[in-house]
Every structure is written in structure tokens, then in C-alpha cells.
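Bear in mind that the values in this text are calculations on the coordinates, not laboratory data. It should be emphasised that the depicted structure is a prediction, and the values quoted were computed from it without experimental measurement. Cβ: placed from backbone, ideal geometry, glycine included. Neighbour counts: every protein chain shown.
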């Protein structure tokens, strides 16, 4: 089982990297927000989750151990496969904490593949994970200022226009901090998409 990789990163399509470790290229799926910050040709270090099924072997990479642990825990939940688990890992942890503590399925329904009923069940499962392993959620969210980075109304507006939640957050993350209104952020995000 591969648990860690350190090598040169080569970006493929969004969310997919080749990590060249001394001439051997490993194909690794990563959260979109991490993929954005990877510089082509630079060395990176990834915590790896090796996903093995009878017909496949896939690698999923994360910048920190808590990201990998969150992915492991979400893929243990019934109905959550690795693709959906990776989407959940793209959502800022502080936003997941907000959804879990407020039992707000609306935050999760913006993720592609999650409807209201699935979101409600998922919140219960995530609450159990958060009670058993709070460090997964709070280690990363302690360093984030969610309101400075993400405007929930802007995310909702972009998802209503057909963009998935991770794409909307990605677009909003790249905006300058001088935009004061939701409308300005939505317009700027649409221009970047």
C-alpha cells in the first residue's frame, strides 16, 4: 500500500496529477483546491490513500494527514465512493463543521451527486465522524477565515447557475479581497469561469 509520495508534480486535467518519483509516474487524484496551488514541475509531498477494488487501483493524494483521514472516513459511509469523497474533501472543513453543527443539508446538496435525502443521512454520518475524530475537522478549519474567503450567497448563486460547489468555491477563492458585495463577487467569478 502506498501511503506517501514525494516527487515532481505534473498537472493533467483538473484534479489529476502525475507525481514523478525518480522516473516512475504515479497518477494521483487530488482535491481541486490543492490542485490549484500545485506549481507545474515543482516538488510536492502528498499523503496517499490507496483505493483497491477487484478491477481498479487508484491513488488519492492530500496535502495533510487530516485530509486523507477525512477521505478515508467519508468513503466508509454507505453510498459514498471515492469520487464523492474527494468532492467532500474539497469543501472547506469549516463549512462542513457548519453544516454538521447546524444540521443544514443545503450546504451539501450543492455537491454534485448529493440530493436532499442523501445530504440529511450524510450529515448524521459526518456528525458521528466529527464526534469520534474532531481533529479532522478542526485542525484545518482553525486556520481558515471562512467569511473572508467564501461568500455563501455567492456560492449559492453560482450553484443555482449550474456550477458545482467545488467549482464555485474555486472561482471565488481566486478573487481579490476588495470586492464588497455578493453581486461583485458573482460577476467576477463568472468572468473567470
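Just subtract the alpha-carbon distance of residue 39 and residue 161 from 0.36 nm times their residue separation and send over the number in nm, one decimal.
In short, 40.9 nm is gained.
Could you check the spin-label model distance between residue 58 and residue 128? Points 7 Å from the Cα along Cα→Cβ, value in nm.
Between residue 58 and residue 128, the label points sit 2.3 nm apart.
Mean residue ellipticity at 222 nm from the helices of the chain, using -39,500 (n - 2.57) per DSSP H segment of n ≥ 4 over the full residue count, to the nearest 500 deg cm²/dmol?
Theoretical 222 nm ellipticity from helices: -14500 deg cm²/dmol.
Can you give me the Rg/Rh ratio for the range 67-141, using Cα atoms for both radii and the Kirkwood formula for Rh?
Radius of gyration over Kirkwood radius for the range 67-141 works out to 0.90.
Among (i) 19.8, 63; (ii) 18.2, 59; (iii) 16.8, 51, only one was calculated for this model; which label is it, if the read-out is Rg and Dmax of the Cα atoms in Å?
Only one option fits the structure, namely (iii).
With a point put 7 Å past each Cα toward its Cβ, work out how far residue 184 is from residue 135 in nm, to one decimal.
My value for the distance between the label points is 4.1 nm.
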